[in-house]
Structure formats: structure tokens, C-alpha cells
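The values are calculated or read from the model by the stated rules, or taken from the named source; none is laboratory data. Note that the structure is a prediction, hence the values are computed from the model and not measured. No Cβ is skipped: glycine too gets one built from the backbone with ideal geometry, and neighbour counts run over all protein chains shown.
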Amino acid sequence: MPLSYIIPHPVFLTHIPFSMRKKIVLPLLFIGFATLIYGQPDQDKSQLEKERQEIQRELKEIQSMYNKVKGQTKQTLGQLNMLNRKINLQEQYIGTINKELRSIDDDIYLSELEIYRLNKQLDTLKTQYARTIVYSYKNRSNYDYLNFIFSAGSFNDAIKRVAYLKSYRAYREKQVSTILETQQLIAQRKRQQLVRKDQKNVALQSQTKQVQELAVQKKEKDAVVSQLKSKEKELQGQIASKKKRDRDLQNAITAIVRREIEAAKAKAKAEADAKRKADEIAEKKNPEKPSTTTGPATTPATTGATSKRNEVTKKPDSYLDLNAKDVALNTSFQANKARLPWPVDNGVVTLRFGNNKIENTLLTFDNPGLTIATPSSGVAVKAVFDGEVSGVYNLGDGMAITIRHGKYFTTYSNLSGVTVSKGATVKTGQQIGRAGKDDDGNGGQVDFILMIETKNIDPLPWLRR
């Protein structure tokens, strides 16, 4: 092999021109900046897919329930509530598609920057390699090789020169390998671009389909609202009936909670009285010793006893948060916020907590908890946390169960049957009853209420998402 193909030339070590470096570095800065903005795409995609699957599951369940009442001539609040929930879920589903489209666009943009960078890198590698080839061709005399070896000052220096020539030959081979690898990376990136663009087309088609379906659902809802408005008096009767049921239920729960508070208060008073009597007996058994000095004796023991007798008992913040068992239960309940299981499997929230308004009317009503629709009546209703059954009662149109979890109370109403009795200890997930029929008589329904003592709170943030 001619020496000119092996011996390096100073031109090989020259730096890349500033203008070329600027063109290469700038896309790298864009890539780094975009990565900081968009974070970890794989993790985002996984979260989006999980969110979409959950929405699809709930949409499928609520559609199955709605199909049972869809053809009825009598329009009810249940139908309107299901349609509202369907529309909300449909909008959320479209939102996940929009997020996916933004993620795909981000990937395509970053991939284009990477392809640009790789092309610039490939141009630089080819330019450098071409210069080595040109120089090698111009200096292809075999005598240069021998002169380079034999001009060494010592035998060791000659060995080093031979090793150097071998390493440079490896460098040349590495140049070729790097060029091929870069070309493969560019081809791979371009294939990924095609895949992501196909995914974008599929997502766009799905988005169009879901938007059209949302428009159909809104028209269907408008028709139901229009019919309900034409029967506003009948609708007002339904709301009045619900308000009466809610009021009766709330009064029953409040009475149970107050009874539990009074029982805890009486127990705390009895324990305090027993402790005070025990202290008095102990004090009588150990009377204070007579003092030889004039004036009353003031030993540390008698001073402490006097201060205990004169101590003013402070009223606790909650009588349901005094003993060790209740303290532990309250702490555990609070720690499980957003992780409590749902009271029914495959349930769909049709009425949320708080104020609910019937569209295009002046009719409003407050919901004390969550109204959850079930695929059918008779499905299992389960306790959401460990506790003790404080009450099992009949409201006329269904059974209800109230369970105490320290100072927290959960109530499950509109039950067709119960499987526990008052005073029973229940565990998380244990079946306590069966769901009753909904207002339309075509599916099941459970009203779930969460309270901190006598105060109603929204159960939704406490349930597992």
C-alpha cells in the first residue's frame, strides 16, 4: 500500500470552520431546549394511553346504561344526567386525542432537527474523508513509507512510528464506519418520521369521528332538554321528590352522627370522672404530713395536687378524635384520600356533589353526595373503608347504611337489601348490601354520601381515580 494512504497530513487536524460549527450547534441547542419543554415523551404517551382507556371504559359503561332508557317516551332527570356525563367524557376523550396530536407534532419536529444535525455531521465526515483521499492520492509514493520508518532516531522510535501508522489506518477505517453508521441513523429517523406521520393521520381521523359523535350527543341532549322544559311541572315534581328523599336521608344521618358524638362525649366524661375519683382516693390514702413550721405546708406534691384539682378541663375539638382507636382510624382515613375504593364496581357518576342545574330552566337542586348508576339493580355495594355500622334504616323507598370511620361517616342509600346489622365491624371492600333500582326502573343506582361529623363533603376527590 502506498505510504500516502497512511501518513497523516496537518490538514486532517484542522478545525471545522466557524460558519459550519454555527450551523451544526444551533440545531443541537433547539433539541436541548425542546427536550426541556416537552419532558419525557414516552412517559407522557403511557399516561395518555392510560387516561384514554379509562375514559373509553366509562363511556362504554354509560352508553350501555343509556341504551336501556334511550327509547322511552318519558324523559327523566336520569336520562339528562347520563347525557351530560357522556358529553363530558366525550370532550375529555377528544382532549386526550389533541394531547396525542401535540405529542406527535413535537416528536416530528425533534426528529427533523435530529435529521438536520445528522446530515450536517455526515457532510463534515465526508468532507474530511475526501481530503484524506485526495492527499493520499497526491502523495502515493512507497518510498515515503520507508523514509518515515528509517528516519527514526532509535529502534524504539521506529517501533512507535509503526504503531502510529497502524493506529492511523484504524482511524481511517473508523471514519468509514462512522459515515455508514450516520447514514443508517438518518435512514432510521426517516422511517420513524413516516411511522409518526401515519400515527398522526390515524389520530386526526379519530378526532374527526369523535367530534362528529360529540355533535350528535349534543343534539340528542338538546332534544331531551327541550322535552323536559316542556314538562317543567313534571320535572319540578321529580326534583321535589328527590329533595324530600335527600332531606329525610340527611336528617337520619345527622341524628345518627349526633348520637355517636353524644355517646363519645358521655364516655369521655365518664372516663374523666373515674380518673378524678381515683385521684381523690389516692390523695386521701396519702394525707399531707403536719408541718412544724407555722403556716400551711407547700410541698411540691401538694402543689401539684392542688393544681390538678383547679385545672380547667379544655373542650376537645372533636369527641370522635379522642381515644387511640379513633385517632388511628382518622389518620388512616385521611392518608387514603384519593385511594378509597368505589362503593360499586363499574359505576358511573350521574349526579355530582353540590349544586346541579337543569339547563334552559330555573330549576336547581343540591346533591348531598354522589349519585352513582350501576349496570343493573342488585349489584354488590361495598364499604369504602374499615369502620363500624352506626345505623341500618328504611327510608320508605329503599334501605340505607351509615358506617362510622372515626369522625368520618359514609352513607350508602337506595339499597334493595343489606347484609350487615347495626354495631357490626366492616372491612374495606366488604359487601354491605345491594343496589336498588334507579328512577327509571331500568338500571341500578346508589347514593353515596361522605361526612366529617355533621358536615357533608365531596366524596369524589377521596375515591380512587
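In this structure, does Thr73 turn out to be in the same structural domain as Glu54 (by TED's automatic domain parsing), at pLDDT below 90 and surrounded by fewer than 16 Cβ atoms within 10 Å (Cβ to Cβ)?
Numbers: in the same structural domain as Glu54 (by TED's automatic domain parsing): yes; at pLDDT below 90: yes; surrounded by fewer than 16 Cβ atoms within 10 Å (Cβ to Cβ): yes.
Yes.
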Kindly check whether there is at least one residue in the stretch 361-368 that is farther than 30 Å from Ser226 by Cβ, of a type outside the set (Val, Ile, Thr) and modelled with pLDDT under 95.
-> no
In the stretch 312-330, which residues are of a type in the set (Asp, Glu) and modelled with pLDDT under 80?
-> Asp317
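Going through Gly429, Gly398, Gly433, Gly391 one at a time, which residue ends up being of a type outside the set (Lys, Arg), in contact with a helix residue (DSSP H, G or I) (Cβ under 6 Å, 6 or more places away or on another chain) and touching a residue at least 12 places away in the same chain (Cβ under 8 Å)? It would help to see each step written out before you state the result.
Values: Gly429 fails: in contact with a helix residue (DSSP H, G or I) (Cβ under 6 Å, 6 or more places away or on another chain); Gly398 fails: in contact with a helix residue (DSSP H, G or I) (Cβ under 6 Å, 6 or more places away or on another chain); Gly433 fails: in contact with a helix residue (DSSP H, G or I) (Cβ under 6 Å, 6 or more places away or on another chain).
Residue meeting the stated conditions: Gly391.
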Could you tell me whether Ala338 is within 22 Å of the chain's Cα centre (by Cα) and surrounded by fewer than 15 Cβ atoms within 10 Å (Cβ to Cβ)?
-> yes
From the residues in the stretch 236-284 that are polar (S, T, N, Q) and surrounded by 16 or more Cβ atoms within 10 Å (Cβ to Cβ), which one is modelled with the lowest pLDDT?
-> Gln238
Lys138 versus (1) within 30 Å of Ile179 (Cβ to Cβ); (2) in contact with a helix residue (DSSP H, G or I) (Cβ under 8 Å, 6 or more places away or on another chain); (3) at pLDDT 75 or above: which is the lone unmet condition?
-> (3)
Test Tyr412 against the criterion of being outside any loop (DSSP other than H, G, I, E, B), surrounded by 13 or more Cβ atoms within 10 Å (Cβ to Cβ) and in contact with a Pro (Cβ under 7 Å, 6 or more places away or on another chain), and give yes or no.
-> yes
Quick one: which of Thr178, Thr208 is under 30 Å from Ile94 (Cα atoms) and either assigned by TED's automatic domain parsing to the domain that holds Met82 or touching a Pro at 6+ places or on another chain (Cβ under 9 Å) (or both)?
-> Thr208
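Got a sec? Which of Thr402, Thr419 is more than 31 Å from the chain's Cα centre (by Cα) and closer than 14 Å to Pro343 by Cβ?
Working: Thr402 fails: more than 31 Å from the chain's Cα centre (by Cα).
Only one candidate qualifies: Thr419.
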With the condition kept exactly as written, say whether any residue in the stretch 414-432 is modelled with pLDDT under 95, among the aliphatic types (A, V, I, L, M) and closer than 28 Å to Ala335 by Cα.
-> no
